[in-house]
């Protein structure tokens with residue numbers, strides 16, 4: 001037997017969990033005493049179930065292989081991008097905030113950016129993504145006037161000796177040091193320019209196990225990583241990996 | 001674009017291709033149009049990656065892009081009311097010998113769904129199949145919640161009546 005449109009509306013909303021408590025209680029009271037209404041409820045419920053089954057069957061017929069091929073073609077035709085927001089998006093936000101903070105001239109030690117989740121490789125991946133945001137202008141026209149101060153803060157936080165002299169490497173211009181954190185561990189970024197190319201030296205005191213220096217490539221950058229004394233290190237830049245490895249070895253010696 | 005970035009982007013979009021296609025099919029009623037819509041959605045998603053809010057649902061964002069492309073597309077094509085009937089037969093059968101009970105009744109349901117007004121059909125897909133809440137559906141559709149409710153109720157009533165008539 002047919003129910004009114006209004007009742008259908010209520011039953012539908014009830015089945016969809018969209019009635020508030022009062023409405024739900026009222027309807028349930030009626031359902032208890034009106035067999036008509038109960039029958040209608042079950043019929044409507046069955047309809048939704050059948051609908052889901054039908055749509056699930058439909059999903060199986062999607063031409064996924066064709067669509068994947070077309071997607072691949074579209075990606076192949078797309079020029080390089082700096083960063084994709086649906087990757088580790090937390091890092092991208094934090095990086096953008098870090099750049100603004102630096103530009104505003106915040107002093108060493110008063111700001112630290114949070115970068116995300118645990119995992120000893122995760123922090124390196126976050127740095128890779130952070131790097132994608134840099135341009136040569138990101139570090140200002142000359143070494144930061146607060147560089148020594150910032151390095152002193154980093155030294156303290158990382159428990160490692162860091163000063164301007166120690167961090168000089170041939171061919172790179174030391175520009176800025178930024179105190180950050182990753183998953184609660186202090187992270188320091190020491191940024192250089194190689195001509196116009198940003199190169200970043202990152203150190204985090206995260207208790208990583210010792211690891212020998214290895215060089216690899218990620219996201220278009222050459223990356224050197226190692227770990228020593230409970231600290232993880234990485235040097236990253238869009239420069240030839242041979243050169244990066246030499247620079248990394250020099251820095252490893254000076255900060256070991 | 002580096003290979004690594006390409007892999008991640010592809011992974012993000014690939015995970016939702018089939019559902020996007022199903023949504024596109026429910027909007028357009030035609031398989032080839034649905035594929036084109038999905039492709040256009042992927043291209044626009046790649047172009048507008050900057051606009052994606054990190055931490056939000058990628059699938060919802062893709063659905064809203066698809067919908068907006070469809071709205072422009074259907075205006076451009078001057079789609080008349082009455083077009084957009086789902087070809088459930090084509091959708092399900094590959095080889096008639098393999099049809100089993102479930103598929104046959106699913107085909108019937110899809111035919112009935114195809115006969116619904118497209119606004120109801122779309123709302124049914126979003127809420128009952130894709131799990132949008134009434135409020136999320138209302139937001140995507142740019143309609144009041146009451147409209148969502150009445151479309152669902154009307155669709156359910158029609159589909160129930162159709163089913164009961166068949167059984168009778």
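The values are calculated or read from the model by the stated rules, or taken from the named source; none is laboratory data. From a predicted model like this one, the values you see are computed outputs, not experimental measurements. Backbone-built Cβ (ideal geometry, glycine too); neighbour counts: all protein chains shown.
Could you list all residues from segment A:31-58 that are at the interface with chain B (Cβ under 7 Å from one of its Cβ atoms) and without any contact (Cβ under 8 Å) to a residue 24 or more places away in the chain?
A:43, A:47, A:50, A:51, A:52, A:53, A:54, A:55, A:57, A:58
Only one of the listed residues (A:118, A:126) is at pLDDT below 80 and assigned to a helix (DSSP H, G or I). That residue is A:126. Picking from residues in segment A:2-30 that are outside any helix (DSSP H, G or I), facing another protein chain (nearest Cβ under 9 Å) and within 43 Å of the chain's Cα centre (by Cα), the one that is nearest to residue A:45 (Cα to Cα) is A:16. Against the numbered list (1) buried (at least 17 other Cβ atoms within 10 Å of the Cβ); (2) modelled with pLDDT of 85 or more; (3) part of a strand (DSSP E or B), residue A:214 comes up short only at (1).
With the condition kept exactly as written, say whether any residue in segment B:64-81 is modelled with pLDDT of 90 or more, within 9 Å of another protein chain (Cβ to nearest Cβ), under 14 Å from the mean Cα position of the chain (by Cα) and assigned to a helix (DSSP H, G or I). Scanning segment B:64-81, I find no residue that is modelled with pLDDT of 90 or more, within 9 Å of another protein chain (Cβ to nearest Cβ), under 14 Å from the mean Cα position of the chain (by Cα) and assigned to a helix (DSSP H, G or I), so the answer is no.
Would you confirm whether any residue within segment A:236-249 is away from chain B (no Cβ under 14 Å) and in a loop (DSSP other than H, G, I, E, B)? Yes, some residue in segment A:236-249 is away from chain B (no Cβ under 14 Å) and in a loop (DSSP other than H, G, I, E, B). When residue A:144 is tested against (1) in contact (Cβ under 8 Å) with a residue 24 or more places away in the chain; (2) more than 25 Å from residue A:206 (Cα to Cα); (3) assigned to a helix (DSSP H, G or I), only condition (3) is not met. For the subset of segment B:27-50 comprising residues that are touching a residue at least 12 places away in the same chain (Cβ under 8 Å) and at the interface with another protein chain (Cβ under 8 Å from one of its Cβ atoms), which member is surrounded by the most Cβ atoms within 10 Å (Cβ to Cβ)? This residue is B:38.
Scanning segment B:24-58 for residues that are assigned to a helix (DSSP H, G or I) and over 20 Å from residue A:64 (Cβ atoms) yields a count of 4.
Run residue B:153 past the list (1) part of a helix (DSSP H, G or I); (2) modelled with pLDDT of 90 or more; (3) within 20 Å of residue A:20 (Cα to Cα); (4) touching a helix residue (DSSP H, G or I) at 6+ places or on another chain (Cβ under 8 Å) and report the number of the one that doesn't hold. Only one criterion in (1) part of a helix (DSSP H, G or I); (2) modelled with pLDDT of 90 or more; (3) within 20 Å of residue A:20 (Cα to Cα); (4) touching a helix residue (DSSP H, G or I) at 6+ places or on another chain (Cβ under 8 Å) is unmet by residue B:153, namely (2). Being part of a strand (DSSP E or B) and more than 19 Å from residue A:127 (Cα to Cα) is the filter here; which residues of segment A:160-202 pass it? If the condition is that a residue be part of a strand (DSSP E or B) and more than 19 Å from residue A:127 (Cα to Cα), then A:173 is the only one that fits.
One line per residue, one yes/no per condition, for (1) at pLDDT 85 or above; (2) more than 26 Å from residue B:50 (Cβ to Cβ); (3) surrounded by fewer than 20 Cβ atoms within 10 Å (Cβ to Cβ); (4) touching a strand residue (DSSP E or B) at 6+ places or on another chain (Cβ under 7 Å):
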residue	(1), (2), (3), (4)
A:139	no, no, no, yes
A:157	no, yes, no, yes
A:166	yes, yes, yes, no
A:178	no, no, no, yes
A:189	yes, no, no, yes
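State whether the residues of segment A:59-75 include one that is on the phi < 0 side of the Ramachandran plot, surrounded by 15 or more Cβ atoms within 10 Å (Cβ to Cβ), within 10 Å of chain B (Cβ to nearest Cβ) and over 35 Å from the mean Cα position of the chain (by Cα). Looking for residues that are on the phi < 0 side of the Ramachandran plot, surrounded by 15 or more Cβ atoms within 10 Å (Cβ to Cβ), within 10 Å of chain B (Cβ to nearest Cβ) and over 35 Å from the mean Cα position of the chain (by Cα), one finds none in segment A:59-75, hence no.
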